[in-house]
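Worksheet for the structure shown next.
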Amino acid sequence: MSSPCAGGNFTPVFNPLLSPRLTKMLNMLENATEQLMLLKDFQATFQTCDRGLGSVAEAVGEEKEEEGDVSRAELKAGFCIVGIQALAELNQWRGVLSWLLQHYKHEEKIPSKIMQMCILLYSQVGEPAAIKDATRAWLHSPSNRCVSGFGTVAELYLLHVLLPLGCTDQARDFVGGEVGSITFTDEQKQTALAVIEEEERQKHDAAVAADCSGREAFTTEGSLLHKMEALLRLSFRRLMSGSVSFQKLFLAALLVYMLFLRLDPALPSSFMWISKLHQLIGELWKAASGPFYHQRSVMD
């Protein structure tokens, strides 16, 4: 079955001799597709799909098994595909998997095309972990080994779930394990292993770069701190010599602090700077004001 978003006409998929009930459900599916693509009414689209799935469930056992089962399965998949797109447009993608399980009951019963959509959806929104367990259960179900699209699900699981999550060891076991042995050719396995190794290399290089950047930032910060300390101590010596007023030196220290350092007190990295500056200014204040108050107390 082609994706509903590609056209909107589902009639060629089904046998033209459908029962009135199935024909009505087909009309509901076409209506949901129109709401999605033309009207952009995503909430109405989802509600129509939900009602359509309810109708499909009610029709179980009421149609002849000759044609009814195939048609209902296609209709059910069509409603789910359109409904998933509507939920994504509504930014309600978190509820996609649970909504599907309401209608399919078990992960391994979800059609391959819908499973592919879910993997791509959760990967696109940056939450591949949300679909990891469900996909793994689907791939390890013996009933899915022969279905069309099994290999595509396996490939998407490797590239869009395991690798983005950094599960390179699991990815390597997956390629060489039971599922990989029946899914990938020897050439495909070599390609997959090369991709895994490249992912590990990039992850290692990124960790090394981050470590080097952190050391460089720490070294730069220490150098500036020493310069700041030296400047304040020089100001302290000039103050003790009486050549500069205390108010001017204090103002100069604050200007140096604000203009050259520009620290944000809310940042944890600023705590050491602020603490050191507070300590040095405290020493300067005590040295400058101590003799004054001592002399005043003697005079009094």
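The values are calculated or read from the model by the stated rules, or taken from the named source; none is laboratory data. The model shown is predicted, which means the values in this text are computed figures rather than measured ones. Only protein heavy atoms, including side chains, enter the accessible area calculation; ligands, DNA and RNA are left aside. Shrake-Rupley method; radii C 1.70, N 1.55, O 1.52, S 1.80 Å.
Counting only protein heavy atoms and a probe of 1.4 Å, the accessible surface of the range 79-187 is 48% carbon and sulfur.
When the residues VAL82, VAL208 are ordered by accessible surface, computed with a 1.4 Å probe over the protein chains alone, the sequence from largest down reads VAL208, VAL82. Applying D = kT/(6 pi eta Rh) to the range 54-174, where Rh is the Kirkwood radius over alpha-carbon pairs, T corresponds to 20 °C and eta to 1.002 mPa s, the Stokes-Einstein value obtained is 141 µm²/s. The figure for TYR122 is an accessible area of roughly 10 square angstrom, using a 1.4 Å probe on the protein chains alone. When the residues SER148, SER143, SER71 are ordered by accessible surface, computed with a 1.4 Å probe over the protein chains alone, the sequence from largest down reads SER148, SER143, SER71. Accessible area per residue was computed with a 1.4 Å probe on protein heavy atoms; SER98 scores about 70 Å². Extents of the range 122-208, taken as max minus min of Cα coordinates on every principal axis and listed largest first, are 45, 31, 17 Å. The order of LEU38, LEU87 by accessible area, most exposed first and with a 1.4 Å probe, is LEU38, LEU87. Pairs exceeding a 23 Å alpha-carbon distance, out of LYS132/LYS189; LYS76/LYS105; LYS24/LYS109; LYS24/LYS76; LYS109/LYS189: LYS24/LYS109; LYS109/LYS189.
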